[in-house]
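Notes for the one structure printed next.
The values are calculated or read from the model by the stated rules, or taken from the named source; none is laboratory data. Just so you know, these numbers come straight off a predicted model, no measurement behind them. We place every Cβ from the backbone using ideal geometry, glycine too, and count neighbours over all the protein chains shown.
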Amino acid sequence: MAVRKGFSSFFVKEGNSVYADVRDPRYGTKKELSVHSCKRIRELNPDAPSGVYWIKPGNDVTPFQVYCEMTIDGGGWTLVYSYRFTNFANFIAASNAVTPFPTWPISQWDSSTWTPRSSVAPLNETALSAMDFPLWRKIGDEFMVKSNITHWVACLKGTGDVLNWKTGSLNCRLIKNVAQVCLNYVPTHFVLKTQCGVALYRSGDHSFFFEGNLRECYPVHDSCGKRSIHNHLKNIAHPGGALYVR
């Protein structure tokens, strides 16, 4: 039985038939074996564990390393952003923001009054960095917000599309309840707040507010969608979160 060059294989005999498995567990393990995304690695090797892999999400993109989450909701998630808060103890203070800030196309970003921008893909959730935003949409069309202070949610585009920077409705679903209130609640809309950042809304108010302005606003993480500082978990070591794309 012939196997195409570059593929590993093993053979299994069942009755009068012989089967060859041509999946290669090495996909993404080195630069020369880069594939499109963590989702593609998962498809090619369903047993691939979470960890750092090489991807190349476009013919015009040089291969680079990313962290792949391979267990949550079927796996195949590419980590694009990890963040912390600048003043979590005084959550409502204007000096509290998410840091770092992605290269989102917000014209009012100012290096003197906002948290620093990042364009380096994080290799774990504590790396505190953000992949260059134009690459996000090349990787997939679904994003997941994973925070240790409020619910985890995953969203696909509706009339709005975060990955293509279009405000409007989203189709979100719960991945995990984390906060103790408003169980199973998810955002419904993507809203651009140019003076501070971007928000995910529910019922006309903030569920998430990823804002980097150190003189205005505060980074809402409220599963109830009420812009409240009382609905997220408080006594958490290293409070923050991560965004993934699939």
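With the requirement that a residue be part of a loop (DSSP other than H, G, I, E, B) and within 15 Å of the chain's Cα centre (by Cα), what does the stretch 40-72 give you? The answer is Ser50, Met70, Thr71. Kindly indicate which of Val245, Val191 is buried (at least 22 other Cβ atoms within 10 Å of the Cβ) and touching a residue at least 12 places away in the same chain (Cβ under 8 Å). That would be Val245, the only listed residue that is buried (at least 22 other Cβ atoms within 10 Å of the Cβ) and touching a residue at least 12 places away in the same chain (Cβ under 8 Å). Among the residues of the stretch 194-238, those identified as in contact (Cβ under 8 Å) with a residue 60 or more places away in the chain, crowded, with 19+ Cβ neighbours inside 10 Å and out of contact with any Asp or Glu (no Cβ under 9 Å at 6 or more places or on another chain) are Phe210, Glu211, Gly212, Leu214, His221, Ser223. Restricting the first member to the stretch 24-36 and to residues that are closer than 16 Å to Thr78 by Cβ, and the second to residues that are crowded, with 17+ Cβ neighbours inside 10 Å and polar (S, T, N, Q), the beta-carbon pairs closer than 7 Å and six or more apart or on different chains are Tyr27/Asn45; Gly28/Ser34. Under the condition of being within 12 Å of Trp104 (Cα to Cα) and of a type in the set (A, V, I, L, M), which residue from the stretch 115-137 is farthest from the chain's Cα centre (by Cα)? Selected residue: Leu135.
One residue stands out in the stretch 161-183 among those that are among the polar types (S, T, N, Q) and in contact (Cβ under 8 Å) with a residue 24 or more places away in the chain: the one that is nearest to Gly74 (Cα to Cα), namely Asn177.
The lone criterion from (1) modelled with pLDDT under 95; (2) surrounded by 12 or more Cβ atoms within 10 Å (Cβ to Cβ) left unmet by Val12 is number (2).
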